[in-house]
Amino acid sequence: MVQYRRMTIDDVQAVHKIELATFPTPWTLDSFYYEMTENQYAHYLVAEDEKGEIIGFCGIWLVIDAAQITNVAVLQSVRGQGIGETLMREAMRVAKEANMDVMSLEVRVTNTVAQNLYRKLGFQDGGLRKGYYTDNQEDALVMWVNL
């Protein structure tokens, strides 16, 4: 059974391993430590399996009345089991509880699997950020949802 909870500083190493395995231009370990210790707007969630191992995470910045998803990742070996969806639903719940009005994110224009998930959760297309991704200059689709 998968458990979902707020990330702690003790989870940073495990989360960073997932980040490294998932993204072509991953955040640094220091970036995650900064998010956990310095960024007053950051709120991170983790998914852990029955053995207590971190298998996914989701980062959110809660600023004034808008929530921004910073990153969402699930280990390749457990994808397709609804973990990413539940992490996103939890992020939306946290944002609503913090009185956020909207939530937004950027997603690669080629990542249709993620886009389909976000649309399932009520996200709408909001525009393109040209050359957003530094590894290949791929455009990002901005998506948003009213909370």
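Taken together, the criteria place R5 among residues that are under 15 Å from the mean Cα position of the chain (by Cα) and more than 21 Å from R108 (Cβ to Cβ). Selection within region 22-72: residues that are within 11 Å of the chain's Cα centre (by Cα), polar (S, T, N, Q) and open to solvent by less than 40 Å² (accessible area, probe 1.4 Å). The member of this set that is farthest from N146 (Cα to Cα) is N71.
For every residue, the table says whether it meets (1) of a type in the set (D, E, K, R); (2) more than 13 Å from V2 (Cβ to Cβ); (3) out of contact with any Leu (no Cβ under 7 Å at 6 or more places or on another chain).
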| residue | (1), (2), (3) |
| --- | --- |
| L45 | no, no, no |
| E48 | yes, no, yes |
| K51 | yes, no, yes |
| I54 | no, no, yes |
| G59 | no, yes, yes |
| V72 | no, yes, no |
| T86 | no, no, yes |
| E90 | yes, no, no |
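Please indicate, with yes or no, whether at least one residue in region 5-18 is within 20 Å of Y133 (Cβ to Cβ), open to solvent by 70 Å² or more (accessible area, probe 1.4 Å) and in contact with a strand residue (DSSP E or B) (Cβ under 8 Å, 6 or more places away or on another chain). No, that holds for no residue. Of all residues in region 132-147, those satisfying the criterion of being open to solvent by 30 Å² or more (accessible area, probe 1.4 Å) and not hydrophobic (A, V, I, L, M, F, W, C) are Y132, Y133, T134, D135, N136, Q137, D139, N146.
Every listed requirement among (1) touching a residue at least 12 places away in the same chain (Cβ under 8 Å); (2) loosely packed, with under 14 Cβ neighbours inside 10 Å; (3) part of a loop (DSSP other than H, G, I, E, B) is met by L128 save one, (3).
The values are calculated or read from the model by the stated rules, or taken from the named source; none is laboratory data. Just so you know, these numbers come straight off a predicted model, no measurement behind them. Methodologically, a virtual Cβ is constructed for each residue, glycine included, from the backbone with ideal geometry; neighbour enumeration extends over all protein chains shown. Remember, those area values only see protein heavy atoms, side chains included, never the ligands or the DNA or RNA. Shrake-Rupley method; radii C 1.70, N 1.55, O 1.52, S 1.80 Å.
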